[in-house]
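> Please see the structure below; I have some questions.
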Amino acid sequence: MSVLYVALGGAIGAAARYLAGLWIAAYLGAAFPWGTFFVNVTGSFLIGIVLVLVEGGTLPAEARLFLAVGILGVNTTFSSFSYETLQLLNGGDVVPVLFNTLGQLLIGLLAVYLGVVVARTLGGI
């Protein structure tokens, strides 16, 4: 049943992400990735609400799977990243926070660059 919650939420999250990107680009233009910016920030906000409500017992555990892992997880992994970084920050040690934030940003940028290089090399572009 857990997989079903995640899969259903994921389908909804993917469609919502796509539609939000189209809608925002139509109003703000596509010169800056406002759609991604929007879903990352709103997803971070919403995952904070959902996970606190699940942890506090206001929402059932299945809501975490459907909402946080499914809808918001597919909509943006940045929401998970933001919440997990906050948890590290609450631990009081700045080293894991810096490693997580700077590491994911820098290594993520390097990874996407390498992916582009590999794709262009294989595709002859």
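The values are calculated or read from the model by the stated rules, or taken from the named source; none is laboratory data. What you see is a predicted model, and the numbers here were worked out from it, not measured in a lab. FYI the Cβ positions are ideal-geometry reconstructions off the backbone, even for glycines, and counts take in every protein chain you see.
> Kindly check whether there is at least one residue in region 66-77 that is over 14 Å from the mean Cα position of the chain (by Cα) and surrounded by 13 or more Cβ atoms within 10 Å (Cβ to Cβ). It would help to see each step written out before you state the result.
Of all residues in region 66-77, those over 14 Å from the mean Cα position of the chain (by Cα) come to 66.
Pick out the ones that are also surrounded by 13 or more Cβ atoms within 10 Å (Cβ to Cβ) and you get 66.
Yes, some residue in region 66-77 is over 14 Å from the mean Cα position of the chain (by Cα) and surrounded by 13 or more Cβ atoms within 10 Å (Cβ to Cβ).
> I need every pair where a residue in region 1-26 that is within 22 Å of residue 65 (Cβ to Cβ) and at pLDDT below 95 has its Cβ under 9 Å from the Cβ of a residue that is outside any helix (DSSP H, G or I) and not acidic (Asp, Glu), sequence separation at least 6 or different chains.
The qualifying pairs are 13/76; 17/76.
> For residue 39, only one of the following conditions fails: (1) at pLDDT 85 or above; (2) within 22 Å of residue 3 (Cα to Cα); (3) touching a Gly at 6+ places or on another chain (Cβ under 8 Å). What is its number?
Of everything listed in (1) at pLDDT 85 or above; (2) within 22 Å of residue 3 (Cα to Cα); (3) touching a Gly at 6+ places or on another chain (Cβ under 8 Å), residue 39 misses just condition (2).
> With the checklist (1) under 30 Å from residue 3 (Cα atoms); (2) hydroxyl-bearing (Ser, Thr, Tyr); (3) not in a loop (DSSP other than H, G, I, E, B) in hand, flag the one item residue 58 doesn't pass.
Unmet for residue 58, out of (1) under 30 Å from residue 3 (Cα atoms); (2) hydroxyl-bearing (Ser, Thr, Tyr); (3) not in a loop (DSSP other than H, G, I, E, B): (3).
> So, in region 86-125, how many residues would count as being in a helix (DSSP H, G or I) and small (Gly, Ala, Ser)? Spell out how you get there, then give the answer.
In the first step, residues of region 86-125 are kept if they are in a helix (DSSP H, G or I); the result is 86-90, 94-123.
Going one step further and asking which of them are small (Gly, Ala, Ser), we end up with 103, 108, 111, 115, 119, 123.
Total meeting the criteria: 6.
> Related question: Going by what's in this entry, would residue 5 be described as closer than 18 Å to residue 75 by Cβ, over 14 Å from the mean Cα position of the chain (by Cα) and among the hydroxyl-bearing types (Ser, Thr, Tyr)?
Values: closer than 18 Å to residue 75 by Cβ: yes; over 14 Å from the mean Cα position of the chain (by Cα): yes; among the hydroxyl-bearing types (Ser, Thr, Tyr): yes.
Considered against the rule, which asks whether it is closer than 18 Å to residue 75 by Cβ, over 14 Å from the mean Cα position of the chain (by Cα) and among the hydroxyl-bearing types (Ser, Thr, Tyr), residue 5 comes out as yes.
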